[in-house]
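Structure record follows, encoded as structure tokens.
Coordinate-derived values only; no laboratory data. Everything numeric in this text was worked out from a predicted model, so none of it was measured.
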Amino acid sequence: MSYYRELSDSDGKELVRTARLIVIEFLTSKNKKRLSDDFQSKFSFKSGVFVTLNDRTGLRGCIGFPLPQKRLCDALVDAAIAAATEDPRFSEVKQTELDEITFEVTVLTPPIEIRVSNTLEYPAKIRVGRDGLIVKYNSFSGLLLPQVPIEYGWTEEEFLGHACEKAGLPRDIWKDPKTEILRFEGIIFKEETPNGKVIQQKL
């Protein structure tokens, strides 16, 4: 997990700028951008990653990979394209929109299952401002990134409830012993304005 701590602000700028270029190329030509050898080498470690697009009204697309099953350079390409074209909640992003959209890249640590003897202990085992959550119940699964509860001002218990809803489940299903709750952390880099300065978001 050391790669997570070692990402610099310049690395974050490169990831966000590249995510934007990936989407521009795909919307223009329907081709996946070929990344430079240097970029592929620098981001060759396996990592979960999410790409988030926002416009002036709010979320415009968010897709990613929670598990470190792909090299970050490869996962970034697939996540960026999917965020712009495959999020089922939104229509496909048009090229003319890109000057009104900010790009955000969240690099994830591997999810860790939270172990408790009583499910009511879950809120005390997570921390808003640090953790993202994955809820699993039978074939259902839902994920919320660490920045989401900050944006909405949720408590830990509210965060759990909304993660359950994201999975298509009742809000209190986290109290069921058959439910799995996993947490992860994320380092977030984002444009302050469309195509503007890239900063690391501190939660």
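Here are a few things to note about the model shown:
- Gain on full extension, evaluated as 0.36 nm per residue between residue 96 and residue 115 minus their Cα-Cα distance, stands at 2.1 nm.
- Whole-number D in µm² s⁻¹ for the stretch 149-203, Kirkwood Cα-pair radius fed into Stokes-Einstein, 4 °C, 1.567 mPa s: 96
- Extension gain, residue 172 to residue 24: 0.36 nm times the residue separation minus the Cα-Cα distance gives 49.2 nm.
- Cα-based helix-to-principal-axis angle, 72-85 vs the chain, degrees rounded to 10: 90
- Ellipsoid equivalent to the stretch 112-184 - semi-axes via the Cα gyration tensor, in Å: 17, 13, 11
- Relative to the current alpha-carbon distance between residue 151 and residue 34, full extension at 0.36 nm per residue lengthens the span by 38.7 nm.
- Applying a threshold of 22 Å to the alpha-carbon distances of 125/175; 70/94; 30/94 flags 70/94 as lying beyond it.
- Here is the size of the stretch 1-53 from its Cα atoms: Rg then Dmax, 12.1, 37 Å.
- Mean residue ellipticity at 222 nm, helices only, the chain: -9500 deg cm²/dmol; runs of at least 4 DSSP H residues each add -39,500 (n - 2.57), and the sum is divided by the number of residues.
- Surface/4 estimate of mean projected area, convex hull on alpha-carbon atoms of the chain, nm²: 11.3
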